[in-house]
Amino acid sequence: MVETVSLTPPGRPAWSRLAARELVGLPMYDWPENRAATDARWDVLRPALRREGFDAPDKLDRTVDPASLWTSPSLLLGETCTYPFATTLAGKVRYVATAVHAAPGCGRGTYRSVIVRRVGGGGTGLPRLAGPSFDRWAVEGRRAANSADSLSGFVALNRDAERLGIALEGRTVKWTGSHQASITAVASAEADFAAVDCVSWHLARRFDAAASCLYVAGWTATRPALPFITARERSGEEVERLRRAITSAIDAVILDDPLAY
């Protein structure tokens with residue numbers, strides 16, 4: 001997640017100052033350390049969108065908080081978490097496509113979360129089956145999570161624990177605001193475990209020294225990965241052109257059920 005920035009006075013729609021231009025943002029894995037890769041992805045997507053007739057901006061917009069980005073009628077292309085997409089954004093945006101990531105734990109438009117704990121356990125490899133793969137000990141102790149509306153950091157683990165007969169509901173949670181901060185909380189002994197989506201975990205192992213203090217104690221079940229979305233006002237024909245542009249430029253799929261969380 002990224003830090004939110006207020007752009008409009010109280011009571012004024014956040015998108016009202018944005019309506020004159022096409023808006024694009026890819027905030028979900030836009031860590032400062034990974035910003036060059038995010039920009040490189042846009043450098044590939046932009047000409048593909050322009051070939052399909054869209055007035056794609058030269059640069060990504062990093063001045064708008066995610067909630068305002070997602071609900072702007074000027075949104076050309078955005079990236080969101082699956083849980084808000086299925087709940088608070090339902091009926092307010094249109095699904096376009098789902099990117100395919102190369103991190104361990106990702107599939108063709110799917111991903112799962114790792115459960116991380118401090119070094120001291122043997123760790124567990126990537127499960128062969130799509131269901132949850134963790135034991136009760138993996139989620140013992142104090143929990144850290146990025147936010148209550150995060151599928152990968154909170155909701156998925158709750159659902160999988162219930163499926164396995166493990167009680168997580170009602171426990172005190174240290175809310176951190178980001179996956180990276182959850183990793184830091186566990187590494188610094190402020191919490192005992194956290195669920196982190198496998199792409200963020202992959203980035204943390206590259207860029208964050210705190211990840212070297214942790215091991216993978218289990219995995220949540222496979223679920224639809226983060227969707228690309230566009231404004232609700234876009235026509236079906238525009239959505240099809242967006243899909244052609246994205247799938248011609250990057251590895252991406254169109255999921256039959258992007259809401260199956």
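The values are calculated or read from the model by the stated rules, or taken from the named source; none is laboratory data. This one's a predicted model, so the numbers in the text were calculated from it and none came from an experiment. Glycine gets a Cβ as well: all are built from the backbone with ideal geometry, and neighbour counts include every protein chain shown. Just the protein is used for accessible areas: all its heavy atoms, side chains included, with ligands, DNA and RNA removed. Shrake-Rupley method; radii C 1.70, N 1.55, O 1.52, S 1.80 Å.
Details
- The chain: angle of helix 198-207 to the longest principal axis, Cα-based, in degrees nearest 10: 80 degrees
- Accessible surface of the chain [probe 1.4 Å, protein heavy atoms]: carbon and sulfur percent: 51 percent
- Spatial separation of Cα centroids for segment 131-194 and segment 213-261, in angstrom: 24 Å
- Helices in the chain, meaning DSSP H runs of at least 4 residues, each add -39500 (n - 2.57). Divided by all residues, the mean residue ellipticity at 222 nm is -7500 deg cm²/dmol.
- Exposed loop positions in the chain were taken to be GluC sites (Glu not before Pro) whose DSSP state is not H, G, I, E or B and which have at most 12 other beta-carbon atoms within 10 angstrom. Between these positions, the longest stretch is 4-168.
- For the chain, a simple Cβ point-charge model (Lys and Arg +1, Asp and Glu -1, everything else neutral) yields a dipole of about 140 debye relative to the Cα centre.
- The residue among THR38, ALA102, SER68 whose Cα reaches farthest toward the positive pole of the charge dipole of segment 32-182, with charges on the beta-carbon of Lys, Arg, Asp and Glu, is ALA102.
- Shape call, segment 180-222: gyration tensor on alpha carbons, a/c limit 1.5: oblate
- For segment 35-165, the dipole from Cβ point charges (+1 on Lys and Arg, -1 on Asp and Glu) about the Cα centre works out to 340 debye, to the nearest 20.
- Applying a DSSP loop filter and a limit of 14 other Cβ atoms within 10 Å to the trypsin sites (Lys or Arg not before Pro) in segment 190-261 leaves ARG232.
- Projecting the Cα atoms of GLY53, ALA189, TYR83 onto the dipole axis of the chain, where Lys and Arg carry +1 and Asp and Glu carry -1 at the beta carbon, places ALA189 farthest toward the positive end.
- Most mobile of ASP39, ASP149, ASP58 in a GNM of the chain (Cα contacts under 10 Å): ASP58
- Two-decimal ratio, segment 38-136, of alpha-carbon radius of gyration to 2.2 N^0.38 Å: 1.41
- Averaged over its residues, the chain has an accessible area of 45 Å² per residue, based on protein heavy atoms and a 1.4 Å probe.
- Highest-first packing order for the peptide set 115-124, 92-101, 175-184 is 175-184, 92-101, 115-124, based on the mean count of other beta carbon atoms within 10 Å.
- Relative to the longest principal axis of the Cα atoms of the chain, the long axis of helix 35-51 lies at roughly 40 degrees.
- Segment 89-186 - convex hull of alpha carbons, volume per residue in Å³: 139 Å³
- Loop-located trypsin sites (Lys or Arg not before Pro) in segment 19-82, at most 13 other Cβ atoms within 10 Å (DSSP): ARG21, LYS59
- Take the Cα radius of gyration of the chain and divide it by 2.2 N^0.38 Å, N being the number of residues; the result is 1.02.
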